[in-house]
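Single-structure report; data block below.
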Amino acid sequence: MPGSRTDLSRLRATLTTFFALDGFLFAGWVVRIPAVKEQTGASASALGLALLGVSAGAVVTMMLTGRLCRRYGSHPVTVVCGVLLSLSVALPPLTHSALALGGVLLVFGSAYGGINVAFNSAAVDLVHAVRRPIMPSFHAAFSLGGMTGAGLGALVAGSLSPTQHLLGLTVTGLLVTVVAGRVLLRIPPPTPPQDTRRSTSAPRRPGTRARPLVITFGLIALCTAYGEGALADWSALHLKQDLGTTPGVAAAGYSCFALAMTIGRLTGTRLLERLGQTRTLVVGGTTAAVGMLLGALAPALWAALVGFVIAGLGLANLFPVAVERAGALCGPEGVAIASTLGYGGMLLGPPAIGFMADWFSLPIALTSVAALAATAAVVGLFVGHAAER
């Protein structure tokens, strides 16, 4: 019957598959960016503008997807966006100019933003039904999918052209979407238990007094994503330029951070059950701030790497908690608001670090990640209890 333990277990496995697929497809595209840049003949600045298509498409689509999920349900919207994401990932290597690349990345970004809102909304419903804080496990699947996609991309880069590789991702994505989508469409959205609190069992529209809280949780997501974006783009340069490491060792900096985030999310449910959401936000933000201060300012390589690991563990569960709380307050549109703000933070991080590095230095610029992580901890302390009432 709908909402039975078997249905909930199948739904959790199916949503986990979509999260992993999303990370897998996105990472597969990212590792082929250098080859696509060479194929299109784009300059660095032209490529940068083209890549904004992903961000623009995602930001524009996220709010629309929230409305579509409320009208048609998050399960069918997830499946449709999965098909679109799988098809659009094959488009970039078919272009031969930066302008065309930007156009197809706008489509790809729209599908990427849409599926993120849709499956996060479905995951929020499931979290309330099972009455366990399992949201981090879904984001761990995304991280694992991303690591798998990046690793596979590195392995096949020498033997397959970008067109062949990304077309293979399309086929894989469509097959997974068909199989997992059939299961997802057969399972009705779970009904929360009758004795859950009103804030989690009856999501409200963002027009109510809950909207300021949703925006506040979105700001926590922004602070978290700012750090992810900054470390993805600048950690290797910091280790190479400021600590004098080799390029290979420098690349290990972000790998340590990403692996720590994955481990943190895999253990996130147990952490949330022990600490609760508010203390998880406070402890996570504080831990990330301490770790990034060490990672940015340490004079030795080993200390910087330890700092990146600590920062990854601290940031790991902030975004999942923020999105889940926003969805609990305002349903799919709450998820859309928090996701849009979070994605904005990921966009803001890399260029902000670059400007600050020019004005001061790269190590000083990276301390802004610590400052925003600490801000997330303070904000979480003040709004967590209010949202749980």
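The values are calculated or read from the model by the stated rules, or taken from the named source; none is laboratory data. These figures come from a predicted structure and were not determined experimentally. Methodologically, a virtual Cβ is constructed for each residue, glycine included, from the backbone with ideal geometry; neighbour enumeration extends over all protein chains shown.
Could you tell me how many of the residues in region 295-306 are over 11 Å from PRO363 (Cβ atoms) and assigned to a helix (DSSP H, G or I)? Can you show your working first?
Within region 295-306, the subset over 11 Å from PRO363 (Cβ atoms) is 300-303, 305-306.
Next, from what is left, pick out any that are assigned to a helix (DSSP H, G or I): 301-303, 305-306.
The qualifying residues number 5.
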(message) Quick check on region 76-95: of everything there that is buried (at least 24 other Cβ atoms within 10 Å of the Cβ) and of a type outside the set (Gly, Ala, Ser), which residue is nearest to SER43 (Cα to Cα)?
(response) PRO92
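So if I check each of ALA289, ALA311, ALA252, which one is of a type in the set (A, V, I, L, M), farther than 20 Å from ALA365 by Cβ and assigned by TED's automatic domain parsing to the domain that holds PHE360? First the steps, then the outcome.
Working: ALA289 fails: farther than 20 Å from ALA365 by Cβ; ALA311 fails: farther than 20 Å from ALA365 by Cβ.
Every option except ALA252 fails the conditions.
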(request) Find all pairs meeting these conditions: Cβ atoms under 9 angstrom apart; at least six residues apart or on different chains; first residue within region 342-358 and charged (D, E, K, R); second residue surrounded by fewer than 22 Cβ atoms within 10 Å (Cβ to Cβ) and part of a helix (DSSP H, G or I). (result) ASP358/ALA365
(request) Search region 271-282 for residues that are outside the structural domain of ALA322 (by TED's automatic domain parsing) and surrounded by fewer than 16 Cβ atoms within 10 Å (Cβ to Cβ) and pair each with any residue that is assigned to a helix (DSSP H, G or I) and modelled with pLDDT under 95 when their beta-carbon atoms are under 8 Å apart and the residues are at least 6 apart or on different chains. (result) none
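If we only count helices (runs of 4 or more DSSP H) wholly inside region 30-131, which ones have 2 or more residues that are of a type in the set (Phe, Trp, Tyr) and out of contact with any strand residue (DSSP E or B) (no Cβ under 8 Å at 6 or more places or on another chain)? Lay out the reasoning, then the answer.
Numbers: elements: 33-40, 44-72, 74-88, 98-130.
Passing ranges, in order: 98-130.
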(message) I'm told ALA98 meets every condition in (1) at pLDDT below 95; (2) buried (at least 23 other Cβ atoms within 10 Å of the Cβ) except one. Can you identify the failing condition by its number?
(response) (2)
(request) Please determine, by comparing only the residues of region 160-211 that are modelled with pLDDT of 90 or more, in a helix (DSSP H, G or I) and among the small types (Gly, Ala, Ser), which one is farthest from the chain's Cα centre (by Cα). (result) GLY168
(request) For region 359-378, enumerate the residues that are under 22 Å from VAL321 (Cα atoms) and either free of Cβ contacts under 8 Å to residues at least 24 places away in the same chain or surrounded by 21 or more Cβ atoms within 10 Å (Cβ to Cβ) (or both). (result) VAL369, ALA370, LEU372, ALA373, ALA376, ALA377
(message) Step by step: first the residues of region 151-175, then only those that are within 13 Å of LEU87 (Cα to Cα) and of a type in the set (Val, Ile, Thr), then the one that is surrounded by the fewest Cβ atoms within 10 Å (Cβ to Cβ). Which residue is that?
(response) VAL171
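Mind checking which residues of region 17-34 are of a type outside the set (Val, Ile, Thr) and surrounded by fewer than 18 Cβ atoms within 10 Å (Cβ to Cβ)? I'd like the intermediate steps shown before the answer.
Just the residues of region 17-34 that are of a type outside the set (Val, Ile, Thr), to begin with: 18-29, 32, 34.
If the condition is that a residue be of a type outside the set (Val, Ile, Thr) and surrounded by fewer than 18 Cβ atoms within 10 Å (Cβ to Cβ), then PRO34 is the only one that fits.
Report whether or not VAL214 is modelled with pLDDT of 80 or more and assigned by TED's automatic domain parsing to the domain that holds PHE24. First the steps, then the outcome.
On the way: modelled with pLDDT of 80 or more: yes; assigned by TED's automatic domain parsing to the domain that holds PHE24: no.
Spelling it out, it is not the case that VAL214 is modelled with pLDDT of 80 or more and assigned by TED's automatic domain parsing to the domain that holds PHE24.
Residues are listed down the side, and each one gets a yes or a no for (1) under 21 Å from GLY244 (Cβ atoms); (2) surrounded by 24 or more Cβ atoms within 10 Å (Cβ to Cβ):
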| position | (1), (2) |
| --- | --- |
| LEU293 | yes, no |
| LEU297 | yes, no |
| TRP302 | yes, no |
| ILE310 | no, no |
| GLU324 | no, yes |
| ALA336 | no, yes |
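Please verify whether VAL321 is among the β-branched types (Val, Ile, Thr) and at pLDDT 95 or above, treating the condition exactly as stated.
Numbers: among the β-branched types (Val, Ile, Thr): yes; at pLDDT 95 or above: no.
Spelling it out, it is not the case that VAL321 is among the β-branched types (Val, Ile, Thr) and at pLDDT 95 or above.
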